[in-house]
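Got a structure for you, written out below as C-alpha cells; questions coming shortly.
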Amino acid sequence: MPQALRFLGWPLLVGVLIALLLIQRYPQWVGLPSQDVQLMQAPIYSRLQEGPVSYAEAVDTASPAVANLYTTKLVSKPAHPLFEDPAFRRFFGDNLPRQQRMESSLGSAVLMSKEGYLLTNNHVVSGADQIVVALKDGRETLARVIGSDPETDLAVLKIDLPNLPAITLGRSDNIRIGDVSLAIGNPFGVGQTVTMGIISATGRNQLGLNTYEDFIQTDAAINPGNSGGALVDAHGNLVGINTAIFSKSGGSQGIGFAIPVKLALEVMRAIIEHGQVIRGYLGVEVQPLTPELAESFGLDGRPGIVVAGVYRDGPAQKAGLQPGDLILSIDGEAASDGRRSMNQVARTKPGDKIRIEVLRNGKTLSLTAEIGIRPPANSNN
C-alpha cells in the first residue's frame, strides 16, 4: 500500500497543481467570475483623422479683423497726498490744487463688419477720452463709441477707413467641450498674439462678473490686454469675445472666459439700432428651489424657482405674483434655474405678454404678465 501511494502520489500532486493553475487562468470553467481586465485599444488613425499640425490658415483668416486698442483718459488727483487728509481739508476746504494727468490702458477689439463697427469690452473703453484703433495692416485711427452695455460688459465702436476686413462669424451654440479654440489679442501691449487651447466648458454663469452671464470657458491663455479680443474656432470663425480671467497673480492660469458671439451680436444690433440694449422687466426677486423648500411645497423632483420679492407697481405685482409663489414655467419653458429664467424675461420685448405658471398653497395658477422695460443697471428682473 505505501508503495502504491508513493507510485500514485507524484502524478496526483502534479494533476492537482495543473488543475489549480487552469482554474486560476480560466476561472469561468468552474463557474467563478473572470479576473480579466477588459481594456479598449485605440484604433490606428490615418493622417486624415488626426488633428491638423498647424492652425496658420485659421489665424490668417481671423487675425486681420482683430485690432489693438489704446485708450487714454484725463484724471484729476490731489497735487500732494497731504491734501487728502480729512483734517487738512477741514481747515483749507475742498478748493485745493489738483494735478491732471493722462492715464492710458490697452485692450483689443474685433471688426464685425466692413462698415467699421467693432466689438470690445465695456471695461476697456469706459470713461476713455480718446480711443486709438491699430489694425494689423499698420493703419491707425480714432474710434468713437456708439454705445455700451455694462450688464454684459460689451461696447460698440465705429471707425471710418476704406477696405476694412471683417471677421467671419461662427456658431457659438454649436461648439462642444474639447473643441480647439484660439485667442487673438494684444496681451500686455506686446502686439497681436495668438494662443491656443480648448473649450473647457459652456454656459458658465453665477461668476459675479456681469449681470447677464453665459460664458464660454477656455484654457487658451488670456492676459491683460486680451480683453475685447477674438476667440475663434479651428477654422478662424468667431465664437466669442474674450472678457475675463480667473487668476490670483493677474496672469493667465488656464481659466479664461469669453462672451458667446450669439449674445454679443444681439447686444451689438440693439446698440446700433437703439443706442442701448432694451431688456424686458418682470419686477421680481427669485431664489433657487432648495431640497428643504421643495419638501415644504410637496414637490418631488419638479423644477421651479421661488419668488422672494415683488417690486411695487411692477409687471409681476400687476399680474398677481406674490412672495412665496413657486414659478413652475414661463411661457411654457420650465423654470429650473433662476438666472436662465430671468434672462428669458430680459430677452422678451417690452409690451409682450407672457404666461407664468405658479404653485400657490398647493394649487397651480396660470397668470399673465405684460413685460415692462428694464430700468438702468443695479435693478433686478
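Just so you know, all these numbers are worked out from the coordinates, no wet-lab data involved. Remember, predicted model here, so these are calculated numbers, not experimental data. Backbone-built Cβ (ideal geometry, glycine too); neighbour counts: all protein chains shown.
In nm, give the distance between the simple-model label positions of residue 308 and residue 23, each being 7 Å from the Cα along the Cα-to-Cβ direction.
6.5 nm
Mind listing the phi-derived Karplus ³J(HN,Hα) values for region 319-331, rounded to whole Hz, using 6.51, -1.76 and 1.60 with θ = phi - 60°, and x for any glycine or proline?
7, x, 5, 10, x, x, 5, 10, 7, 8, 7, 10, 6
Enter the Cα centre distance for the pair region 120-191 and region 319-342, rounded to the nearest angstrom.
Each part reduced to its Cα centre gives a spacing of 36 Å.
Structure shown: which of 158/349; 114/353; 73/114; 73/349; 158/318; 136/262 lie over 31 Å apart, alpha-carbon to alpha-carbon? Write down the numbers at each step before the final one.
Details: 158/349 27 Å; 114/353 38 Å; 73/114 28 Å; 73/349 36 Å; 158/318 41 Å; 136/262 25 Å.
As for pairs spanning more than 31 Å Cα to Cα, those are 114/353; 73/349; 158/318.
Now for a different question. From the phi of every residue in region 357-364, what ³J(HN,Hα) in whole Hz does the Karplus formula 6.51 cos²θ - 1.76 cosθ + 1.60 yield, where θ is phi - 60° and glycine or proline is x?
With the stated coefficients, region 357-364 comes to 9, 10, 10, 9, 6, x, 10, 8 Hz.
Which of the peptides 217-224, 185-192, 331-338 is most tightly packed, and how do the rest follow, judged by the mean count of other Cβ atoms within 10 Å per residue?
Numbers: 217-224: 22.8, 185-192: 18.0, 331-338: 15.8.
Ranked by mean Cβ neighbours within 10 Å, highest first: 217-224, 185-192, 331-338.
Hey, another quick one. Obtain the nm distance between the two label points defined at residue 285 and residue 73 by a simple spin-label model: each point lies 7 Å from its Cα along the Cα-to-C-beta direction.
3.0 nm
May I ask you to sort 131, 184 by Cβ crowding, counting other Cβ atoms within 10 Å and putting the fewest first?
Working: 131 24, 184 27.
If I rank by nearby Cβ atoms, fewest first, I get 131, 184.
Okay, moving on. Using modelled backbone amide H atoms (1.01 Å from N, in-plane), which distant-in-sequence or interchain residues come within less than 5 Å of residue 169's amide H?
238
Given R₀ = 45 Å, FRET efficiency for residue 139-residue 340 by Cβ-Cβ distance, to 0.05? Show your work: numbers first, answer last.
Working: r = 42 Å, r/R0 = 0.94.
Efficiency computed from Cβ-Cβ geometry: 0.60.
Among residues other than residue 112 whose Cβ falls under 12 Å from its Cβ, what is the net charge (Lys/Arg +1, Asp/Glu -1)? Let's see the in-between values first.
Values: positive: 114, 158, 269; negative: 115.
Result for the neighbourhood of residue 112: +2.
Give me, ordered by chain and number, the residues 5 or more places off residue 227 or on other chains with an amide H under 5 Å from its own placed amide H.
Here 108 satisfy the definition.
Under 19 Å from a label point 7 Å along Cα→Cβ of residue 113: give me every residue in region 128-159 with its amide N that close.
Answer for region 128-159: 143-149, 154-159.
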